[in-house]
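Structure first, then comments.
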Amino acid sequence: MGATLTIAVIDYGMGNVGSMRNMLAKIGVETVVTSDPEVIMGASKVILPGVGAFDNAMRRLEQLDLVAALDEKVREQGTPFLGVCLGMQLLTMRSEEGELPGLGWIDAETRLFDLSDHPELPIPHMGWNTVQDTGRGPLLVGQADGARFYFVHSYRVQARSEDDVLGVTNYGGEFASVIGHGNIWGVQFHPEKSHRYGMTLLNTFATTS
Amino acid sequence: MGFKDPKYVGDPRNAVKIFNEKMADELALLDIDATPKDRGPRFELIEEIVGEAFMPVAYGGGIRTVEDASRIISLGVEKIIVGTHAVEDPVFVRGLAEHLGRQSIVACLDVKRSVGGSYQVRTRSGQKRTGANPIDLARQLEDEGAGEIIINSIDRDGTMQGFDLDLVRSVSSAVGVPLIACGGAGSLEDIRQVVGVGASAAGAGSLFVFHGRHRSVLISYPDPETLREIFL
């Protein structure tokens, strides 16, 4: 890991970025929390966290001129990128939760959980759960047996291609909990609230992507 | 699974860091002075503590309005815990659940045995008697939208003599939502027992903070294998 590696964590007013910043600091990653497109352009990698509603998030990103900046930085320049929770859902083409289009960087859609076969399971999916590595990407490599992550979400991502699904989780059926395409990854859970397991995942993103 | 309820000794930020190391599943932050002192939540402190926590956080203490609750959730807290204000006005819980979703609402009942022997709910950090029965109140709060209920035995709290199993058993058989037992944990065997009478989770304060006869401060926490064995 070079001395100049810096990860930009986008703060666009959708959630508390403190845990993310502190966890990255704990694993020794140089981090800058920012909404400044210029600062983002100078970063080595980008993390987009997010808690809240899809349309609010897309609107904020537009208002802050971040959509154009991220398109350039991530899609054009191929900078490694990690979307977390809502940040992962924003990667998709659209969401049932809102009207606005998503970033559309991964051919996938975000849909409400369909738990009609499991009336005992509440929405949102909230709590600790495991992730099964599909073996199609590096993001989960290095996890201990029984690795668990903290989830809070009512909507989940459906990818058009199985090749983009790097990890699956069971909640009334399997859903994609980790997606990835090229330099772009998304995790549905919160690594910053998944203590040791989250740290391993962020470390893998920081050092190997 | 496990649920941490630290009555912190010293700076909460340091306590949080220790629980991070120990990989606690969830942290409950309770400001027990807020309501007795007629104070609302300390938002800046909460935000700072949440930023230090590498696990989900539940906060309780002085939440009086839906706005308070919303603001706390926006600071990165997953669940809010309401005690006094839920008991004094159960309809408040309905408003919270409608606004935030019941999965984010935890109702906390402090229970003490009266002189006559019956269980009664108390509010305002145990100072005020309500005359209400915990089973009835738990049912009512569940109906109003509480997603989880904490039953705290005031009598057992801090004693490390074991949970009040009768109390937990009677409430857990009356409600459908997860029940968290608090008050009295003295050993992992106690936790095993209270899970056996219907608790979905157990909160422990003294057990993980004080160590030995002289109650010197040492924050500890069971390892994942032990917890798995107790809860599954």
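The accessible surface of the protein assembly as shown, taken with every protein chain in place and a 1.4 Å probe, is 46 percent carbon and sulfur.
In angstrom, the C-alpha Rg and Dmax of segment A:1-48 are 10.3, 30. Chain B and chain A together bury an accessible surface of about 1600 square angstrom, both sides counted, with a 1.4 Å probe and no ligands or nucleic acids included.
The mean number of Cβ atoms from other chains found within 10 Å of a Cβ in peptide A:192-204 is 3, as a whole number. Only beta bridges with both residues in the protein assembly as shown are counted; by DSSP, about 45 percent of them are antiparallel. Normalised by residue count, segment B:40-172 yields a Cα convex hull volume of 117 Å³ per residue. With both residues required to sit in chain B, DSSP beta bridges show an antiparallel share near 25%. Helix-only arithmetic for chain B: the sum of -39500 (n - 2.57) across DSSP H runs with n ≥ 4, divided by the residue total, places the mean residue ellipticity at 222 nm at -10500 deg cm²/dmol. For the pair segment A:101-129 and segment A:142-183, the centres of their Cα atoms are 11 angstrom apart. Of all lysines in the structure, the ones whose alpha carbon falls short of 22 Å from that of B:LYS37, not counting any fewer than 8 places away in one chain, are B:LYS7, B:LYS112, B:LYS128. Here's the list of lysines a cross-link from A:LYS193 could span, going by alpha-carbon distance under 20 Å and ignoring same-chain residues fewer than 8 apart: A:LYS26, B:LYS4, B:LYS17, B:LYS22, B:LYS79. Measuring nothing but how far apart in sequence close Cα pairs (under 8 Å, 6+ apart) lie, relative to its length, segment A:87-140 scores a relative contact order of 23 percent. Our compactness index for chain A, the C-alpha radius of gyration over the empirical 2.2 N^0.38 Å, is 0.94. Over segment A:63-116, the ratio between the Cα radius of gyration and 2.2 N^0.38 Å evaluates to 1.23.
Shielding value for B:142-155 is 0, the average number of Cβ atoms from other chains within 10 Å of each residue's Cβ. Placing unit charges on the Cβ atoms of the charged side chains and taking the dipole of segment B:2-146 about its Cα centre, the candidate lying farthest along the positive direction among B:LEU45, B:THR130, B:ALA146 is B:THR130.
The base-10 log of I(q)/I(0) for segment A:15-124, evaluated at q = 0.11, 0.13, 0.20 Å⁻¹, reads -0.40, -0.54, -1.12 [Debye formula, identical scatterers on Cα atoms, solvent excluded]. In chain A, the DSSP-assigned H stretches of four residues or longer account for a calculated mean residue ellipticity at 222 nm of -6000 deg cm²/dmol, using -39500 (n - 2.57) per stretch and the full residue count as denominator. Averaging the sequence gap over all C-alpha pairs within less than 8 Å and six or more residues apart, then dividing by the number of residues, gives chain B a relative contact order of 18 percent.
For chain B, a crude dipole built from +1 on the beta carbon of Lys and Arg and -1 on the beta carbon of Asp and Glu, taken about the Cα centre, is about 600 debye to the nearest 20. Between segment B:29-107 and segment B:171-200, the C-alpha centres lie 23 angstrom from each other. Does any residue of segment B:52-71 lose at least 10 Å² of accessible area with all protein chains in place compared with its chain alone, and if so which ones (probe 1.4 Å)? Buried on complex formation: B:GLU52, B:ALA53, B:PHE54, B:MET55, B:PRO56. For chain B, the solvent-accessible area with a 1.4 angstrom probe is 43 square angstrom per residue. Calculated from the alpha-carbon coordinates, chain B shows an Rg and a Dmax of 16.4, 47 Å respectively. Computed over Cα pairs, the Kirkwood radius of the protein assembly as shown leads via Stokes-Einstein (0.890 mPa s, 25 °C) to a diffusion coefficient of 108 µm² per second.
The values are calculated or read from the model by the stated rules, or taken from the named source; none is laboratory data. Just so it is clear, the structure is predicted and the values come from calculations on it, not from any experiment. Don't worry about glycine lacking a Cβ; one is built from the backbone with ideal geometry, like all the others, and counts go over all protein chains shown. Calculation scope for accessible area: heavy atoms of the full protein, side chains included, ligands and nucleic acids excluded. Shrake-Rupley method; radii C 1.70, N 1.55, O 1.52, S 1.80 Å.
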